[in-house]
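Heads up, the thing below is written out as structure tokens.
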Amino acid sequence: MSFFKAIVLSTALAVPLAGAAFAETPVPATITVTGEGSVEGAPDMAVLSLGVTTEGDTAAEAMAANTAALTAVLERLKAAGIAERDVQTANLSLNPNWTGYDSGATPGIASYSANNQVMVRIRDLPKLGEVLDAAVRDGANTLNGLTFGLSNPRPAMDEARAKAVGDAKARATLLVEAAGAKLGRIVSISENGGYSQPAPMFRATAAEAAAPVPVEGGELATTATVTVVYEIAQ
């Protein structure tokens, strides 16, 4: 047998043997579980959406009145201890008020409406009622909502993540042991996202907010979910 034929024969014999060895390699059974963890705590900040809506015979009059009223509101917020970095314009609009549609006459502009909305971050929660009351008294006639949150949500989120991993392990252990097997090593972990359950929201009209405003922050629930894949030890 020539040297070339020997090499070909050797290769032909080796391929089936390698394939057989590969086919005999067992694929470990796995279990996939999703765990959830939640941490509750009191909020330490609030975000208030408020604004001023004014009307005028002309666009310039509407904007001038709006600017004057909002300036007074911002000055009062500053006096209440709200820093400039905690106030941000959220919406500014100027729209004509049309008339004549109902009567069938040619539509025309009767007046103009100007609206300026700002988001205010309040870091000193005991002053929240005072800030609300002051803003309304100084010209804010639109309150679009109040939400509570955490200035630094990372510690609560990390704790929720750890609880979620523990919950996933507990679920996997229960299921696998109930099936007469044992839990093996972790194959993969993925986070499905986290969130903070909103605290009760405050909403009111200017008339309702004319008196000092009682507001309660309640508690926030910070939640995390993870998906973990484990091997099942036979």
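At-a-glance table
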item: Three-way shape call for the stretch 46-130 based on the alpha-carbon gyration tensor, with the a/c threshold at 1.5; result: prolate
item: Reach of K169 by Cα under 16 Å, taken over aspartates and glutamates that are not fewer than 8 positions away in the same chain; result: E36, E159, E177, E191, E231
item: Gain in span if fully extended, A68 to D124, counting 0.36 nm per residue against the direct Cα distance; result: 17.5 nm
item: Rough spin-label spacing in nm, given labels placed 7 Å along Cα→Cβ, for N144 and E231; result: 5.5 nm
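Where a number appears in this text, it was derived from the coordinates with a stated rule and is not lab data. Fair warning: this is a prediction, and the values are worked out from it, not measured in the lab. Neighbour counts run over all protein chains shown; Cβ positions are idealised from the backbone, glycine included.
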